[in-house]
Amino acid sequence: MAQLSVAAPPNEREEAFVLARSLPPPGPMPGRFWKIDLAKLALEELTPGSATPQFELSEEAKRKGVVACDLASARAAHAAIISATEGNVADWRSGRFTALNVARRENGAFIFLPKGAVVDEPIVVSYDLEGPAAFPYVLVAASEGARATIITRFRCGSNLELVSEIVEIVALEHAAVTYATVQDFGPRVRAFWSRRGNIGRDAELHWALAELGAELSIGDVKSTTLESGARTTISGFFFPNKGQHVDVQSEADHPAGQTQSETLFKSAAIDGGQARYIGNIRIRPAAHGVDATLRDDALLLSKDSHIDSIPALEIGANDVKAYHGATIGAIDDEVLFYAMSRGIERHEAERMIALGFFEPALVRFPTEALRDELRRALAGKIV
Amino acid sequence: MASGLNVTDLRVTVDSTEILKGIDLSVERGRVHALMGPNGSGKSTLAFALAGHPSYQIAGGNAKLDGEDLLELSPDKRAKLGLFLSFQYPAAIPGVSVANFLRSARTAVRGSDLTPAQFRALVFEQLDHLGIDTSFLGRYVNDGFSGGEKKRLEMLQLAVLAPKYAILDETDSGLDVDALRDVGESLTTLRSGSLSDTGFLIITHYPRILQYVEPDVVHIMMDGRIVKTGGADLAHRIEAEGYDNIRDEVASGAA
C-alpha cells in the first residue's frame, strides 16, 4: 500500500502557521451568499482553547484489539501507521483553516482497527471543545479486513467561536469503515472542516455527515478510491435556518479503475438560511470501469433562504458509468395538496414533507437512536 | 341543516377558463352516485374543486357538506368535515412511510380515537382485503409505486379515514384486471361494512368499476354541465353505446 503513505507528516507547526497566514480566507461567495468577512479574522489573535476526545469502546472491540485513545498516547505503539497517515490523507496545505489546525492542534483522536477486527457496536468519539478556538483531529486506520462504525460527536463550551477540524481515514484491503459525524455547534461558532479518506483494494468507506449548528460551516469531504474494488458512499445533509451559512464540498476521486462511489446530499434552507453545495465526481485518466453517481436535492422552505447547488463531473477515462442529478425547488404544491386533502394542516404537512425529504440521507446514519435524534433536530428547525 | 353533499350551480375556472358551467348535484349518505362523461368534460375539475385544490377558482355557486359551506375552507378542514378524495394521480411523498402517513391522516381527521393496537388491526384487515403485503407500510407514500399500488393505497386511506362522503376520481383508470378486481372487491366489502353510511361520488370514464359498486344514481357530464341523470341503466347504456348518442340527444334538445 505504498500509495497510502506519500509524504512525511508535518513536523513544523510554525511552518504550518506561516502557511495558514499566507493563504486567503474562504469566500465571500457570489450572489446572495454569506456576508461574513473572514479576512477580518486575525489568526494571531485566536486563543486556542482545548479539544479533548473521549471514547466509548465495547468490550468486544477491546477484545479484538481495537484501539481508541488520544493520539499522543498512541504515538509510541503505533508509530508506523500514524506517521504514514497523519497529514498525508488530508490536503491540509491547501486551506487557511486546515493549515491552522495543523499549526495549533495539541492532540487528536486515534482509532486503530487491527487486521480482521470486525466490530458491530459503533465506536463513539465524544469531543469536548473549549473556546475560543478548538482544533479537533481524528485519525482512523483500518487494517486489512477490519470493519467498524465510528460516530464522532462534539460537546461545546459556551465560549467556543471557532472550530477547525481534520479527519483522516485509511481503509486497507477489504476493510470497511462507516464514519458518521454531527456538527451541532452553538450559533456563534464558525466551523471549518476537512474530512478525507483513502480506500484500498476491495475496501469501503461510508461517510454520513450531519450539519445542524454553527453560524458558518465550511467544509469538504473527499473519498479517494486508490485501488480496484474500492467503494465509497458520501452521504450528508444540511439545513441552515436564521443566521446560518453552510458551504459544503464533496468529491469522489477515482484514480483507480473498477471502483465505485455514490454521493447523496440533501439540503434545505429556511428562515434566511444560506447554503452552497459543490459536489464533484473525478474519474482520472485510465480509471476504466468506474461506476459513480452523485445526487443532490435542495429544498427551499422560505423565500428569503438560498441554496446554490453545483454538481460536477470530471471524467478522464472512457468506459465508465457516471451519473449526476440535482433538483432544487420549494415544496411541490401538488404534494402539499395531497397531504392536506387527508386532513393534515398546512404547517404539519410542510413539516412532514420536509422531514421526509431528508430521510434518504438520514437512513444512512448508524443506529436508530442517532437517526431519531437527527430527526428531532431537523424537526426543531421548522418552527 | 340539509344533510348531504350538496352542490348548487357550481362554476369553476382554471387559468381564467370556465370549466364547470353550473353544476347541481346532491349526494346522500349511504348512496352511490356515478359521475360519467367523456374525457375533458370537467369530472376531475369537480373533484378537485370540492376537495379545495388551490388552482381551481370558484366563479359562482356553492357546495355544502351537511350544511357546512365547503368552498371557504382549506383542504384539510374539508377532510376533517368528512370529505375524502381518491386521486386519479396521487402524489408521492418521499421519505414518509405509508404507516406514518396513515396514522397522521387518521389522527388529523378523527383525533386519537383508536389505540395503536386498534389502528394496527384496522390497517392489517384492509391490507388483507386489498391483497397487499404488510411490507407496503414501510414504503414511502406513492414513491416508485405502480399504478395499481397507488390506487390500492387510495383505497387503504379511504378505509382508514372512513369519510362521510368519498369522491373516487377515476379509481379504475390505469389498472390491470387483477388490480381492478382487488380494488373493486375492496370497495364492495367497504360498502357493505364500515363504509355503509358513506355517500360515494364515483367518477369514471368507463363503467367497469360499476360492476363492483352498483350506482343508485348516474350522472352524465359533458362540457362542464350535467346533461343527464338516471339510474344504473344509464351506465349500462353508456357501456353499450358510448357517449355519442347522448351527445346527439343533448345537442338536439331531447335530453
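The values are calculated or read from the model by the stated rules, or taken from the named source; none is laboratory data. This is a predicted model, so every value here is computed, not measured. Cβ: placed from backbone, ideal geometry, glycine included. Neighbour counts: every protein chain shown.
In the range B:54-107, what residues are within 17 Å of residue A:339 (Cα to Cα) and among the small types (Gly, Ala, Ser)?
B:55, B:74, B:79, B:82, B:86, B:91, B:92, B:95, B:97, B:99, B:104, B:105
One residue is enough: does the range B:4-13 have a residue meeting the conditions surrounded by fewer than 17 Cβ atoms within 10 Å (Cβ to Cβ) and under 18 Å from the mean Cα position of the chain (by Cα)?
Within the range B:4-13, none of the residues are surrounded by fewer than 17 Cβ atoms within 10 Å (Cβ to Cβ) and under 18 Å from the mean Cα position of the chain (by Cα).
Hey, any hits in the range B:47-54 for a residue that's buried (at least 20 other Cβ atoms within 10 Å of the Cβ), in a loop (DSSP other than H, G, I, E, B) and either within 16 Å of the chain's Cα centre (by Cα) or within 14 Å of chain A (Cβ to nearest Cβ) (or both)? Talk me through it step by step, then tell me what you get.
Keep residues of the range B:47-54 that are buried (at least 20 other Cβ atoms within 10 Å of the Cβ), which gives B:47-53.
This time we only want the ones that are in a loop (DSSP other than H, G, I, E, B), so: B:52-53.
Adding the requirement that they be either within 16 Å of the chain's Cα centre (by Cα) or within 14 Å of chain A (Cβ to nearest Cβ) (or both) leaves B:52-53.
Yes: the range B:47-54 contains one or more residues that are buried (at least 20 other Cβ atoms within 10 Å of the Cβ), in a loop (DSSP other than H, G, I, E, B) and either within 16 Å of the chain's Cα centre (by Cα) or within 14 Å of chain A (Cβ to nearest Cβ) (or both).
Restricting the search to the range A:42-52, which residues are in contact (Cβ under 8 Å) with a residue 40 or more places away in the chain and out of contact with any Pro (no Cβ under 7 Å at 6 or more places or on another chain)?
A:43, A:48, A:50, A:52, listed by residue number.
What strands (runs of 3 or more DSSP E), lying completely within the range A:244-297, carry at least 1 residues that are in contact with a helix residue (DSSP H, G or I) (Cβ under 9 Å, 6 or more places away or on another chain)?
Strands (runs of 3 or more DSSP E) meeting the threshold: A:260-269.
Tally time: how many residues in the range B:102-113 are among the polar types (S, T, N, Q), more than 8 Å from chain A (Cβ to nearest Cβ) and part of a helix (DSSP H, G or I)?
First pass over the range B:102-113, keeping only residues among the polar types (S, T, N, Q): B:104, B:107, B:112.
Applying the additional criterion that residues be more than 8 Å from chain A (Cβ to nearest Cβ) yields B:107, B:112.
Retained after the next criterion (residues that are part of a helix (DSSP H, G or I)): B:107.
Here the count works out to 1.
Kindly evaluate residue B:102 against the criterion of being of a type outside the set (Ser, Thr, Tyr), in contact with a Ser or Thr (Cβ under 6 Å, 6 or more places away or on another chain) and within 14 Å of residue B:159 (Cα to Cα).
no
Need pairs with beta-carbon distance below 7 Å; first residue on the phi > 0 side of the Ramachandran plot and among the acidic types (Asp, Glu) and within the range A:83-105, second surrounded by fewer than 24 Cβ atoms within 10 Å (Cβ to Cβ) and not in a helix (DSSP H, G or I); sequence gap 6+ or separate chains.
none
If residue A:335 meets every condition in (1) within 14 Å of chain B (Cβ to nearest Cβ); (2) among the aliphatic types (A, V, I, L, M); (3) surrounded by fewer than 15 Cβ atoms within 10 Å (Cβ to Cβ) apart from one, which number is that one?
Just one mismatch for residue A:335, condition (3).
Can you find a residue in the range A:351-369 that is buried (at least 21 other Cβ atoms within 10 Å of the Cβ), facing chain B (nearest Cβ under 10 Å) and either closer than 20 Å to residue B:50 by Cα or of a type outside the set (A, V, I, L, M, F, W, C) (or both)?
Among the residues of the range A:351-369, at least one is buried (at least 21 other Cβ atoms within 10 Å of the Cβ), facing chain B (nearest Cβ under 10 Å) and either closer than 20 Å to residue B:50 by Cα or of a type outside the set (A, V, I, L, M, F, W, C) (or both), which makes the answer yes.
When only residues in the range A:312-332 that are under 23 Å from residue A:266 (Cβ atoms) and in contact with a Pro (Cβ under 7 Å, 6 or more places away or on another chain) count, which is nearest to the other protein chains (Cβ to nearest Cβ)?
Once the filter is applied, the top-ranked residue is A:326.
Would you please name the residue that is modelled with the highest pLDDT, looking only at residues in the range A:299-311 that are away from chain B (no Cβ under 14 Å), surrounded by 13 or more Cβ atoms within 10 Å (Cβ to Cβ) and part of a strand (DSSP E or B)?
Only one residue fits best here, namely A:300.
Could you pull out the residue among B:133, B:182, B:197, B:169 that is buried (at least 16 other Cβ atoms within 10 Å of the Cβ), at negative phi and modelled with pLDDT of 90 or more?
Only one candidate qualifies: B:169.
Among (1) in a helix (DSSP H, G or I); (2) in contact with a helix residue (DSSP H, G or I) (Cβ under 6 Å, 6 or more places away or on another chain); (3) touching a residue at least 40 places away in the same chain (Cβ under 8 Å), where does residue B:159 come up short?
Residue B:159 satisfies all of (1) in a helix (DSSP H, G or I); (2) in contact with a helix residue (DSSP H, G or I) (Cβ under 6 Å, 6 or more places away or on another chain); (3) touching a residue at least 40 places away in the same chain (Cβ under 8 Å) except (3).
Looking at the range B:60-101 only, could you name the residues that are touching a helix residue (DSSP H, G or I) at 6+ places or on another chain (Cβ under 6 Å), facing chain A (nearest Cβ under 9 Å), part of a helix (DSSP H, G or I) and more than 15 Å from residue A:335 (Cα to Cα)?
Correct list: B:79, B:80.
Scanning the range A:41-57 for residues that are touching a strand residue (DSSP E or B) at 6+ places or on another chain (Cβ under 8 Å) and assigned to a loop (DSSP other than H, G, I, E, B), which turns out farthest from residue A:23 (Cα to Cα)?
Step by step, filter the range A:41-57, then rank; the result is A:57.
Restricting to the range B:139-156, what's the tally of residues that are in contact with a helix residue (DSSP H, G or I) (Cβ under 7 Å, 6 or more places away or on another chain) and in a helix (DSSP H, G or I)?
Total satisfying the criteria: 6.
Against the conditions (1) out of contact with any Gly (no Cβ under 6 Å at 6 or more places or on another chain); (2) surrounded by 19 or more Cβ atoms within 10 Å (Cβ to Cβ), where does residue B:247 fall short? Just the number, please.
(2)
For the range B:164-187, state whether one or more residues are assigned to a loop (DSSP other than H, G, I, E, B) and within 14 Å of chain A (Cβ to nearest Cβ).
Yes: one or more hits.
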